[in-house]
Amino acid sequence: MTRHPDENEHRAEVETWRAARDARLRDPDGWLTLVGLHWLVPGDNRFGTDASNEIVLRGRDVPAHGGTIRLEGDAAVLLRPDGTPALDAPLADDTTGEPTVIDLGSLRMYLIRRGGRLGLRVRDHDAPALRRFPGMRHFPCDASWRVVAHFEPAPRGATLEVVDVIGLVEHHPMPGTVVFEREGREWRLDALPGGENGELWLIFGDATNGRETYGGGRFLYTEPPAEDGTVVVDFNLAYNPPCVFTPYATCPLPPPQNRLALAIRAGELIYTGDHEQ
């Protein structure tokens, strides 16, 4: 985005970003299609629509018995309904960058790894949430919430403790802290890496959470800090984490120090699925 846009240019940039966000949400593999998360247990995990399966699925053209995922130690193998191997190698999970996708009727499924546990993530291209999606609601675009902050680099090797909605605690590399002024005082947000070019990812909470915005906080990406130590933080681009759309996501929560006693009335409002609410 432009470093110093005028008000009209800024509004156009925000609207462009929002349109791209809307397109991502409407994608058949977007968060609105997430309909299940099933943690695997050692041994056989049979899946299909029949209630006798360990993993009971719902979806168009999904068979009663679709197959089995056999978990042996740290490896999960896919078996056909007759018990024969369906693949020559174990299933790859999402930590590999290219998880093995299992297509079953309208469902697309793959393994995720969280804290040493493997789970089957299920997406449905016919998900009602996707068909009924009315788009996101936002606070009015407000150029005053496009703040030029100061970036304080963290000491080498610094980490940030982040807890997710399932209680998993992880320590991530922390590049530094974003510091900005609002309402006559200083506010600080510890950042996570946000991209290969030095972008920052902010997971934050504020005083609007639970009323105007999602109770679990919001996310925001910045551009890389400039050579003079400044970084533009445009809260008009703050957006809801996936958990606002589905109970089957594993979203990180704002660290305690990133929960600000400041009402940030910019960015996405809480998602209800109904613009009348």
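So Trp201 clears everything in (1) in contact with a Gly (Cβ under 8 Å, 6 or more places away or on another chain); (2) crowded, with 20+ Cβ neighbours inside 10 Å except one condition, right? Which one?
(2)
If the Cβ limit is 8 Å and pairs must be 6+ apart or interchain, which residue in segment 1-21 that is of a type in the set (Asp, Glu) pairs with which residue that is open to solvent by 90 Å² or more (accessible area, probe 1.4 Å)?
Once the first residue is of a type in the set (Asp, Glu) and sits in segment 1-21, its partners that are open to solvent by 90 Å² or more (accessible area, probe 1.4 Å) give Glu13/Met1.
Which condition does Ser144 not pass, out of (1) within 17 Å of the chain's Cα centre (by Cα); (2) open to solvent by less than 70 Å² (accessible area, probe 1.4 Å), if it passes all the others?
(1) is the only condition that Ser144 fails.
Tell me which of these Pro85 doesn't satisfy, since it passes every other one: (1) modelled with pLDDT under 95; (2) open to solvent by 60 Å² or more (accessible area, probe 1.4 Å).
(1)
Taking segment 61-82 as the region of interest, how many residues are open to solvent by 40 Å² or more (accessible area, probe 1.4 Å) and more than 26 Å from the chain's Cα centre (by Cα)?
Qualifying residue count for the region: 11.
Cβ-Cβ distance below 9 Å, separation of 6 or more or different chains: which pairs start in segment 29-44 with a residue that is closer than 15 Å to Arg114 by Cα and end on one that is in a strand (DSSP E or B) and modelled with pLDDT under 95?
Trp39/Arg114; Trp39/Arg117; Leu40/Arg117
What residue, of Gly215, Gly229, Gly205, is over 22 Å from Ala261 (Cα atoms) and small (Gly, Ala, Ser)?
Gly229
Filter segment 31-60 down to residues that are over 14 Å from Met109 (Cβ atoms), open to solvent by less than 50 Å² (accessible area, probe 1.4 Å) and touching a helix residue (DSSP H, G or I) at 6+ places or on another chain (Cβ under 8 Å), then give me how many there are.
Qualifying residue count, segment 31-60: 1.
In contact with a Gly (Cβ under 6 Å, 6 or more places away or on another chain), free of Cβ contacts under 8 Å to residues at least 60 places away in the same chain and not hydrophobic (A, V, I, L, M, F, W, C): is that true of Arg80 in this structure?
In short, yes.
Restricting to segment 170-189, count the residues that are farther than 11 Å from Arg259 by Cβ and touching a Ser or Thr at 6+ places or on another chain (Cβ under 8 Å).
Count: 6.
The values are calculated or read from the model by the stated rules, or taken from the named source; none is laboratory data. Remember, it's a predicted structure, so these values are computed and weren't measured experimentally. Every residue, glycine among them, receives a Cβ derived from its backbone with ideal geometry; neighbour counts consider all protein chains shown. The protein model used for the area step is the full one, side chains on, heavy atoms only, and it has no ligands, DNA or RNA in it. Shrake-Rupley method; radii C 1.70, N 1.55, O 1.52, S 1.80 Å.
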